[in-house]
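Student: Please see the structure below; I have some questions.
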Amino acid sequence: MTLERPNIAAMRGYAPGEQPQDAGTIKLNTNENPYPPSPDVAAALREFDSATLRRYPHPLADEFRQVAAKLHGLSIDNVIPTNGGDELLRLILTTFVAEGETVATTKPSYSLYPVLAAIQGAVLSEIDLDDDWSLPNDLIAQLNALGAKAFILVNPHAPTGRLVDANVVADIASRFEGLVVIDEAYIDFVSPELNHDCVPLLARFDNLLILRTLSKGYSLAGLRFGYGLASPSLAAPVLFKTRDSYNTDAISQRLAAAALGSQDYASNTWERVRESRTNLHAELEAMGLDTLPSQSNFLLSKMPEGVSAQAVYLQLKERGILVRYFDQDRLRDKLRISIGSESENQRLMAALREILKT
Ligand SMILES: Cc1ncc(COP(=O)(O)O)c(C=O)c1O
């Protein structure tokens, strides 16, 4: 006899990417930024007065919300601070999707979505992407026919790095009858020449919620800080009803505000990642590995015909290099490789040449 709710008993938990704690492993498996956080974050940590930990933190992280609101040209009523983007996703389901209602996403997508839907007791509907990984033309018709309560779109897409245009996002928000969640975990790595920006859409659409995280662009995966951007009417129930009373701690609030305040530093790391992305993409292609162009900080690379991607993943692991292998439809012949520092990328390429004997 189990005391778990039936849906919890029936589900499988999220399988995170491996997180070895030794410094020697080359970690290209969970899309962390290869560069350290801003020196302003380090200074804020050094200067943090531990005596203040005696008290509870600000419940709504208002210092952080002010910085985020200013950065995005919004008001603090638009900003929902959370313990990582993952907590925001969980809060979105808790707040907006009732048990038995449908939450839609694309297939494949971030593998946490199905887990959160199962916890909530919601029905998950995964919409197939086209062969070139673009959204199907009849996406909105499909969403409305499903009667979906929410649609979560990761943009740029994971694990391909493909970017959906802001006009398409606007079209979805205007014609889909439910909540549109744009998971912008990797938005910082989009090429600035594209002038991609969905934030202005928040003024037009009350059913749009944008997820941001400090884990990738701001090199702070260990801090656990993310946030949502939405119209005040959408943000309010999360801020004032479903959020834990003190969901972000005093240290992370301070450091997150310092990180967002260091735009020049952070955008310099994004530029370096983009340069390395271009180089690594060219090198993988030159090796004969079909690799999708990516607007994110990872590349999805297809292994040659007859070569098992899983075996290559394991051989890389033996050499101390971790990449991500997904035992999933459309992904079994591919590896997702996070963009590392130039030297890490070179070590990866050398190992791949050895393994694939090219
Ligand atoms: C697509 C996507 N969304 C959201 C997140 C959440 O990140 P975090 O909880 O570290 O902020 C991740 C993390 O890997 C992700 O890949």
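All of the numbers you see were taken from the coordinates with simple rules; none came from a lab. All of these numbers come straight from a predicted model, not from anything done at the bench. Every residue, glycine as well, gets a Cβ built from its backbone with ideal geometry; the counts of neighbours run over all protein chains shown.
Student: Could you give the nm distance between label points at Val168 and Asp197, where each point is 7 Å from its Cα heading toward the beta carbon?
Tutor: Placing both labels 7 Å along Cα→Cβ, they lie 2.1 nm apart.
Student: From the phi of every residue in the stretch 213-222, what ³J(HN,Hα) in whole Hz does the Karplus formula 6.51 cos²θ - 1.76 cosθ + 1.60 yield, where θ is phi - 60° and glycine or proline is x?
Tutor: Per residue, the Karplus-derived 3J(HN,Hα) values read 9, 8, 5, 9, x, 9, 6, 10, 4, x Hz.
Student: Give me Leu139, Leu146 ranked fewest to most by other Cβ atoms within 10 Å of their Cβ, as a rough exposure proxy.
Tutor: Least crowded to most crowded, the residues run Leu146, Leu139.
Student: Hey, another quick one. For the stretch 39-262, what is the charge dipole size about the Cα centre, in debye to the nearest 20, if Lys and Arg each add +1 at the Cβ and Asp and Glu each add -1 at the Cβ?
Tutor: Once rounded to the nearest 20, the dipole reads 800 debye.
Student: Count the lysine pairs in the chain that are 8 or more places apart or on different chains: how many have C-alpha atoms under 29 angstrom apart?
Tutor: Pairs that pass both the separation and distance tests number 25.
Student: Ok, one more. Give the residues of the stretch 286-307 whose amide nitrogen is closer than 12 Å to a point set 7 Å from the Cα of Glu342 in the direction of its Cβ.
Tutor: none
Student: Of all the stretches in the chain, which is the longest one without any exposed loop site, taking GluC sites (Glu not before Pro) in a DSSP loop (any state but H, G, I, E, B) with at most 13 other Cβ atoms within 10 Å? Display every interim value, and only then the final one.
Tutor: Details: sites that count: Glu4, Glu18, Glu99, Glu177, Glu305.
With a cap of 13 other Cβ atoms within 10 Å, the longest stretch comes to 178-304.
Student: Can you list the residues, at least 5 places off or on another chain, whose amide H is less than 5 Å from the amide H of Val164, using H built in the peptide plane?
Tutor: His157
Student: How far apart, in nm, are two points set 7 Å out from the Cα along the Cα-to-Cβ line at Tyr35 and at Ala145?
Tutor: 4.6 nm
Student: Pick out which of Leu239, Leu209, Leu129 has the largest mean-square fluctuation in a Gaussian network model of the chain, springs linking Cα atoms closer than 10 Å.
Tutor: Ranking Leu239, Leu209, Leu129 by mean-square fluctuation puts Leu129 first.
Student: Distance between the C-alpha centers of the stretch 16-88 and the stretch 260-314? Whole Å please.
Tutor: Using only Cα atoms to place each centre, the spacing works out to 25 Å.
Student: Moving to a separate point now. If I stretch the segment between Asp132 and Arg272 completely, what's the gain in nm (0.36 nm per residue apart, minus their alpha carbon distance), one decimal?
Tutor: 47.7 nm
Student: Name the shape class, rounded, prolate or oblate, that the alpha-carbon gyration tensor gives for the stretch 94-147, where a ≥ b ≥ c are the square roots of its eigenvalues, rounded holds for a/c under 1.5, and otherwise prolate holds if a/b is larger than b/c and oblate otherwise. Walk me through the numbers before you get to the answer.
Tutor: Numbers: a/c = 3.25, a/b = 1.55, b/c = 2.10.
It comes out oblate by the Cα gyration axes.
Student: Quick one: which residues, 5 or more positions from Thr213 or on another chain, have an amide H under 5 Å from its amide H? H modelled 1.01 Å from N in the peptide plane, none for Pro or chain starts.
Tutor: Tyr227
Student: Is the stretch 80-207 best put as rounded, prolate or oblate by its Cα gyration tensor, with a ≥ b ≥ c the root eigenvalues, rounded for a/c under 1.5, and otherwise prolate when a/b is larger than b/c, oblate when not?
Tutor: Verdict is rounded for the stretch 80-207.
Student: Over the chain, what is the relative contact order in whole percent, taking alpha-carbon pairs under 8 Å and six or more residues apart?
Tutor: Rounded, it is 24 percent for the chain.
Student: Apply the Karplus curve 6.51 cos²θ - 1.76 cosθ + 1.60, θ = phi - 60°, to the phi angles in the stretch 283-291 and return the couplings in whole Hz, x for Gly and Pro.
Tutor: With the stated coefficients, the stretch 283-291 comes to 5, 5, 5, 4, 7, x, 9, 4, 10 Hz.
Student: Take Ser75 and Asp329, extend 7 Å from each Cα along the Cα→Cβ direction, and tell me the distance between the two endpoints in nm.
Tutor: 4.5 nm
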